[in-house]
Amino acid sequence: MDDIARLLRARDWMTLAGHCEPGAVDRAELETGRWFEGPRDPHPGLAGHPRRPFHPAYRYERHEEADGVATVTVGLEIDEGGGMVQRSFATFQLAQRDGRWLIRPEVPPVERWLRAARRAWDSRMRATNETVVAQAEADRIEPGLQRDDAEEARARREQERTRRLVEAREQTEDDRRRLEQLDLEERLLRELRDRLR
């Protein structure tokens, strides 16, 4: 625990990545620190530090072990002032492999959905851009067409391009609203979970 906390404070992502079980999270996510950084912590006292597998200020509380997997609970007490102490807990898993205990990285379901939605949005935007470029190239006057025919064809293509752009913008706005709603739901769930502890 102390070694992991020290590496998290030092942001030694490469060494930490070597202490992780391969599989659930892409190696590049570990080596660049993106997985360890995780989403921003809503509590101002914990902001600006790595969050996964636990915030480095957390201390060992207990663990349960079964079938070569240990579920570790860590905790932190935050003095809110006026006699108020807020307790926060987090859990993560260690898996035993070849006599070593390795961090088992996991990505929460909401974050997996957000990543998939962002990838789909990026893909849709690339497809829209490719369509716009193809339409722009097709706008050139084709040999053998009369000028009026070419202008009419260009006008039809322009209308189609405008229609597709409007549809893509509407879809992008819907995706943005969905992502905002999911962010809000995740924040509310986190606050509710913290209150229930």
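FYI, it's all coordinate maths here, none of it is from the lab. Every value quoted in this text rests on a predicted model; they were computed, and no experiment measured them. Because the Cβ atoms are built from the backbone with ideal geometry, glycine has one as well, and the counts that use them run over all protein chains shown.
Short version: ³J(HN,Hα) in whole Hz for each residue of the range 98-104, in order, from phi by Karplus 6.51 cos²θ - 1.76 cosθ + 1.60 (θ = phi - 60°), x for Gly and Pro, what are they?
My calculation for the range 98-104 gives 6, x, 10, 9, 10, 5, 9 Hz in order.
Output the antiparallel fraction of DSSP beta bridges having both residues in the range 2-106, as a percent to the nearest 5.
95
Kindly state, to the nearest 0.05, the FRET efficiency for ARG154 paired with ASN129, given R0 = 25 Å and r defined as their beta-carbon distance.
For R0 = 25 Å, the calculated efficiency reads 0.80.
Note down the magnitude of the dipole of the range 2-106 about its Cα centre, charges +1 on Lys and Arg C-beta and -1 on Asp and Glu C-beta and zero elsewhere, to the nearest 20 debye.
Computed about the Cα centre, the dipole is about 220 debye.
Determine, for each peptide in 151-162, 13-24, the mean count of other beta carbons within 10 angstrom over its residues, then list the peptides with the highest first.
Result, highest mean Cβ count within 10 Å first: 13-24, 151-162.
Compute the normalised compactness of the range 2-106: alpha-carbon radius of gyration over 2.2 N^0.38 Å, N being the residue count.
Output field value: 1.11.
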